[in-house]
Amino acid sequence: MGITVMFIILSTVTPFIFLFLKKRFLAVLQSVLLIGMWLYFVQIMFIEVTALFSMTWIMFYASLLLSVVGWVLLIIDLVKRQR
C-alpha cells in the first residue's frame, strides 16, 4: 500500500517536471490522467474494487507509465546540463 502512495505522489509531481522541460502537451495529458488516477485510488481504498480495464483503471496505469517517462526525461536533461 505504501509503495502505491509513493508512486501516486511522484506522479502528481510529474506535470511540473514536464513544464520544466517545456513539454506542455505531456503536462496537460498527465494532469488529466492524474484525475483518473486519484479517482481510482480513492475508489479502490474506500468504495469498491472496480473492473479491470475500466476508464479509471486505464488512467491509473497510463499515468504511472507517463510519470516514468517524465522522470527519465528529467534525468536525461539533468545529465546533459552537467556536461
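Quick notes on this structure:
- Highest mobility in the GNM of the chain, judged by mean-square fluctuation with C-alpha springs under 10 Å and restricted to Phe46, Phe60, Phe18, is found for Phe46.
- Share of alpha-carbon pairs per 5 Å distance bin for the stretch 2-47, given as whole %: 6, 23, 26, 20, 14, 8, 3, 1
- The sum of -39500 (n - 2.57) across all DSSP H runs of n ≥ 4, divided by the residue count of the chain, sets its helix-only mean residue ellipticity at 222 nm to -27500 deg cm²/dmol.
- Length released on extending from Ile35 to Leu65, taking residue separation times 0.36 nm less the Cα-Cα span: 9.3 nm
- On Cα atoms only, tilt of 2-20 relative to the major axis of the chain in degrees: 40 degrees
- What the Cβ-Cβ distance of Ala51 and Phe25 gives, at R0 = 22 Å and to the nearest 0.05, is a FRET efficiency of 0.15.
- Counting only alpha carbon atoms, the long axis of helix 24-42 and the longest principal axis of the chain meet at about 30°.
- Rounded tilt (10° steps) of 55-82 against the dominant C-alpha axis of the chain: 20 degrees
- Against the set (1) 27, 13, 9; (2) 24, 13, 11; (3) 79, 10, 6, the structure's computed semi-axes √(5λ) of the Cα gyration tensor in Å falls on (1).
Where a number appears in this text, it was derived from the coordinates with a stated rule and is not lab data. Every value quoted in this text rests on a predicted model; they were computed, and no experiment measured them. Ideal geometry is used to build each Cβ from the backbone, glycine not excepted, and the neighbour counts take in all protein chains shown.
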